[in-house]
Amino acid sequence: MKLKPLKIRNLEAQYPVIQAGMGVRIGNATLAAATVKSGGFGTIASVGFGRIETSIDKYVGEVCDYLAQEIREARRLCDNQKPLGVNIMVALSTYKEFAEVCVKEKVDFIISGAGLPLPLPEYVGDADIALIPVISGGRALEVVVRCWLRKYNRKPDAIIIEGPKCGGHLGFAMEQIDDPESCSLDVLLAECKEVLSRYDIDVPILAAGEVATRDDVERFIDMGFDGVQVGTYFITAEEAGIDARSKEVFINATNDDVVIIKSPVGLPCRVLKTPLVKRVLSGGQESFRCPYHCLRTCNPKKVPFCIAKALLATWSGDVENGLYMCGCNIDSVKEIYPLQQFFDTLKD
Ligand SMILES: Cc1cc2nc3c(=O)[nH]c(=O)nc-3n(C[C@H](O)[C@H](O)[C@H](O)COP(=O)(O)O)c2cc1C
């Protein structure tokens with residue numbers, strides 16, 4: 001199969017691949033820029049920037065400045081090529097401010113999930129930015145589409161369907177995740193296509209979850225998708241922003257090490273069973289202070305650990321205290337490699 005370019009709004013990439021925004025600092029300027037240069041959509045993850053221990057009055061300004069710098073750095077690294085975008089989780093307490101930074105810094109697209117991105121068009125206004133909601137099925141898509149059309153006369157420019165086998169946070173109930181066939185990507189695709197056709201919307205639909213090879217890309221395109229979003233497989237790219245000790249944790253893990261926990265975000269979360277997760281699963285409580293409240297949906301008094309602190313530990317290579325989010329197919333992750341190597345396999 002010859003892979004077609006991916007066109008979203010007025011943007012085009014040579015290959016039908018979006019690099020997943022992966023926090024904390026995995027999907028940084030370096031990975032996003034490398035993706036753009038290799039022929040995909042490069043995405044900066046906006047979560048987990050700044051100095052975590054600063055007080056709340058400084059926190060918002062600091063994380064916004066950091067995001068702006070990261071966008072500028074990515075632009076510099078890819079010589080201002082497009083498409084470069086940002087992933088903003090709806091659950092972030094700085095959701096609106098981050099959208100405003102994206103407008104100011106003129107990013108090409110915003111991907112937004114971990115909740116329904118209902119107010120996003122309001123925050124972006126008339127800016128020429130493609131808006132790409134992350135969706136877990138037809139019902140969620142219909143809520144977004146109806147709200148955006150009614151309130152803002154705006155359609156999504158593409159949608160990403162995150163299936164039950166994705167890495168990180170999942171928009172499904174535990175019972176559904178245990179029965180992945182009931183919400184497999186072909187079922188979700190049919191639901192979403194039905195909703196889009198009812199609203200007369202014809203935009204690209206991307207699949208997320210378990211993509212590691214060209215065969216996987218082709219399988220989803222055969223299924224009727226226009227492209228894929230890749231997360232887990234890119235974690236061990238040389239350009240991904242985490243410490244090599246943490247990359248080794250992903251490389252040495254097998255599919256049997258993957259478990260699902262309830263995350264402080266309030267959603268099920270697929271992770272590796274590393275020391276922190278073992279402590280939490282056996283009822284442990286990690287000590288932390290939270291002067292910043294980075295997630296609207298997190299109650300620091302009730303959660304067993306601070307997810308920002310745990311993901312920063314992953315970033316810095318602290319294996320004892322890190323949280324290692326990943327998809328079902330961690331067996332596919334075998335080496336540290338230059339990102340270009342993956343994109344080379346997509347050439348004809
Ligand atoms: C380490 C890691 C971090 C992630 N961080 C984010 C994030 O910050 N925002 C988000 O919307 N999704 C995040 N995700 C989900 C990805 O965007 C993506 O949909 C998912 O990884 C796709 O499945 P795959 O990992 O099997 O490729 C993360 C996933 C992983 C594995």
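The values are calculated or read from the model by the stated rules, or taken from the named source; none is laboratory data. Everything numeric in this text was worked out from a predicted model, so none of it was measured. Backbone-built Cβ (ideal geometry, glycine too); neighbour counts: all protein chains shown. The protein model used for the area step is the full one, side chains on, heavy atoms only, and it has no ligands, DNA or RNA in it. Shrake-Rupley method; radii C 1.70, N 1.55, O 1.52, S 1.80 Å.
Of all residues in the stretch 215-239 being within 13 Å of the ligand (Cβ to nearest atom) and in a helix (DSSP H, G or I), which is surrounded by the fewest Cβ atoms within 10 Å (Cβ to Cβ)?
By that ranking, first place goes to 216.
Name the residue, out of 27, 42, that is within 15 Å of the ligand (Cβ to nearest atom), open to solvent by less than 20 Å² (accessible area, probe 1.4 Å), part of a strand (DSSP E or B) and touching a residue at least 24 places away in the same chain (Cβ under 8 Å).
Working: 27 fails: part of a strand (DSSP E or B).
Checking each option against the conditions leaves just 42.
Considering only the stretch 16-23, I want to know if a residue exists there that is within 16 Å of the ligand (Cβ to nearest atom), crowded, with 20+ Cβ neighbours inside 10 Å, within 24 Å of residue 342 (Cβ to Cβ) and at pLDDT below 95. Spell out the reasoning first.
Step one: of the stretch 16-23, the residues within 16 Å of the ligand (Cβ to nearest atom) are 16-23.
Next, from what is left, pick out any that are crowded, with 20+ Cβ neighbours inside 10 Å: 16-23.
Of the ones still in play, those that are also within 24 Å of residue 342 (Cβ to Cβ) are 16-23.
Among the residues that remain, those that are also at pLDDT below 95 are: 23.
Among the residues of the stretch 16-23, at least one is within 16 Å of the ligand (Cβ to nearest atom), crowded, with 20+ Cβ neighbours inside 10 Å, within 24 Å of residue 342 (Cβ to Cβ) and at pLDDT below 95, which makes the answer yes.
If you go through the stretch 314-342 one residue at a time, how many are crowded, with 22+ Cβ neighbours inside 10 Å and small (Gly, Ala, Ser)?
2
For (1) at pLDDT below 90; (2) hydroxyl-bearing (Ser, Thr, Tyr), each residue gets a yes or a no:
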site: 155; (1), (2): no, no
site: 162; (1), (2): no, no
site: 165; (1), (2): no, no
site: 178; (1), (2): yes, no
site: 182; (1), (2): yes, yes
site: 188; (1), (2): no, no
site: 199; (1), (2): no, yes
site: 202; (1), (2): no, no
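So which residues in the stretch 192-214 are assigned to a helix (DSSP H, G or I), more than 16 Å from the ligand (Cβ to nearest atom) and open to solvent by less than 20 Å² (accessible area, probe 1.4 Å)? Before you say what the answer is, go through the steps one by one.
Of the stretch 192-214, the ones assigned to a helix (DSSP H, G or I) are 192-198, 214.
Checking the rest, the ones that are also more than 16 Å from the ligand (Cβ to nearest atom) come to 193-198.
195, 196 - these are the residues of the stretch 192-214 that are assigned to a helix (DSSP H, G or I), more than 16 Å from the ligand (Cβ to nearest atom) and open to solvent by less than 20 Å² (accessible area, probe 1.4 Å).
Which residues, counting only those in the stretch 139-181, are of a type in the set (D, E, K, R) and within 16 Å of the ligand (Cβ to nearest atom)? Give the derivation first.
Start the filter on the stretch 139-181 by keeping residues that are of a type in the set (D, E, K, R), which leaves 139, 142, 146, 150-151, 154-155, 157, 162, 165, 175, 178-179, 181.
Of everything in the stretch 139-181, those that are of a type in the set (D, E, K, R) and within 16 Å of the ligand (Cβ to nearest atom) turn out to be 162, 165.
Quick check, is residue 82 basic (Lys, Arg), farther than 16 Å from residue 158 by Cβ and either open to solvent by 40 Å² or more (accessible area, probe 1.4 Å) or modelled with pLDDT under 95 (or both)? Spell out how you get there, then give the answer.
Values: basic (Lys, Arg): yes; farther than 16 Å from residue 158 by Cβ: no; either open to solvent by 40 Å² or more (accessible area, probe 1.4 Å) or modelled with pLDDT under 95 (or both): yes.
Spelling it out, it is not the case that residue 82 is basic (Lys, Arg), farther than 16 Å from residue 158 by Cβ and either open to solvent by 40 Å² or more (accessible area, probe 1.4 Å) or modelled with pLDDT under 95 (or both).
For the stretch 83-103, indicate whether the set of residues that are without any contact (Cβ under 8 Å) to a residue 40 or more places away in the chain and outside any helix (DSSP H, G or I) is non-empty.
yes
I need a count of the residues in the stretch 240-259 that are exposed (fewer than 15 other Cβ atoms within 10 Å of the Cβ) and within 18 Å of the chain's Cα centre (by Cα).
Count: 0.
What about residue 189, is it touching a residue at least 24 places away in the same chain (Cβ under 8 Å), open to solvent by less than 30 Å² (accessible area, probe 1.4 Å) and over 26 Å from residue 47 (Cβ atoms)?
Values: touching a residue at least 24 places away in the same chain (Cβ under 8 Å): yes; open to solvent by less than 30 Å² (accessible area, probe 1.4 Å): yes; over 26 Å from residue 47 (Cβ atoms): yes.
The answer is yes for residue 189.
Please name all residue pairs, on different chains or six or more residues apart, with Cβ atoms under 7 Å, provided the first residue is in the stretch 150-166 and is over 17 Å from residue 114 (Cβ atoms) and the second residue is more than 8 Å from the ligand (Cβ to nearest atom) and among the aromatic types (Phe, Trp, Tyr).
So the pair list comes out as 154/148; 155/148.
Checking residue 276 against (1) free of Cβ contacts under 8 Å to residues at least 40 places away in the same chain; (2) farther than 29 Å from residue 57 by Cα; (3) touching a Gly at 6+ places or on another chain (Cβ under 8 Å), only one condition comes out false. Which one?
With respect to (1) free of Cβ contacts under 8 Å to residues at least 40 places away in the same chain; (2) farther than 29 Å from residue 57 by Cα; (3) touching a Gly at 6+ places or on another chain (Cβ under 8 Å), residue 276 is out only on (1).
Determine which single condition residue 279 fails, assuming it passes every other condition in (1) open to solvent by 50 Å² or more (accessible area, probe 1.4 Å); (2) in a loop (DSSP other than H, G, I, E, B).
Result: residue 279 fails condition (2) only.
I'd like to know if the stretch 126-149 contains one or more residues that are more than 16 Å from residue 44 (Cβ to Cβ), in a helix (DSSP H, G or I) and touching a strand residue (DSSP E or B) at 6+ places or on another chain (Cβ under 7 Å).
yes
Here are some residues: 67, 11, 77, 3. Which one is within 16 Å of the ligand (Cβ to nearest atom), of a type in the set (A, V, I, L, M) and in contact (Cβ under 8 Å) with a residue 24 or more places away in the chain?
Details: 11 fails: within 16 Å of the ligand (Cβ to nearest atom); 77 fails: within 16 Å of the ligand (Cβ to nearest atom); 3 fails: within 16 Å of the ligand (Cβ to nearest atom).
Being within 16 Å of the ligand (Cβ to nearest atom), of a type in the set (A, V, I, L, M) and in contact (Cβ under 8 Å) with a residue 24 or more places away in the chain holds for just one of 67, 11, 77, 3, which is 67.
Please indicate, with yes or no, whether at least one residue in the stretch 292-313 is aromatic (Phe, Trp, Tyr) and without any contact (Cβ under 8 Å) to a residue 40 or more places away in the chain.
Checking the stretch 292-313: not a single residue is aromatic (Phe, Trp, Tyr) and without any contact (Cβ under 8 Å) to a residue 40 or more places away in the chain.
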